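Engineer: Have a look at this one before I ask anything.
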Amino acid sequence: MRPIVVTTSDASGGTKNSTPVIMDYFGNPNVSLQVVVTGSATWTVQQTLDNPNAEGVTPTWFNHPDPSMVTQTVNRQSNYAYVPVAVRLQQTAGAGSAVLTVVQAGLNQ
């Protein structure tokens with residue numbers, strides 16, 4: 001999978017969520033994550049097993065199980081050893097921005 005990049009910015013007025021990154025949940029379970037912060041931003045990586053594109057579905061989002069990807073303010077890298085259906089970046093504070101890059105191994109898209 002080519003890297004997919006989503007961004008959040010300026011959550012000083014309230015929480016901002018990125019567009020969900022839909023994973024190939026039939027694909028390789030090795031998923032790399034990287035978040036890079038510019039300015040001041042508090043962020044969390046979240047995942048769901050619900051399909052956010054399915055009609056009538058409101059996904060239930062869960063914080064990443066790695067505490068280094070939850071309520072952070074600095075650059076971080078982590079991974080999944082399993083494939084969620086979708087991943088997103090949530091920014092809860094700060095006027096800066098955060099960029100989430102997601103790479104799933106073994107795909108040529």
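Here, each number is a calculation from the coordinates, and none is a lab measurement. Note that the structure is a prediction, hence the values are computed from the model and not measured.
Engineer: Can you quote the Å³ per residue value for the convex hull of the Cα atoms in the stretch 1-51, rounded to an integer? Let's see the in-between values first.
Structural biologist: Working: hull volume 5.0 nm³, N = 51.
Expressed per residue, the convex hull around the Cα atoms of the stretch 1-51 is 97 Å³.
Engineer: Could I ask something else about it? Given the chain reduced to its alpha-carbon atoms as identical point scatterers, what log10 I(q)/I(0) does the Debye formula return at q = 0.17, 0.21 Å⁻¹?
Structural biologist: So the normalised log intensities work out to -0.74, -1.09.
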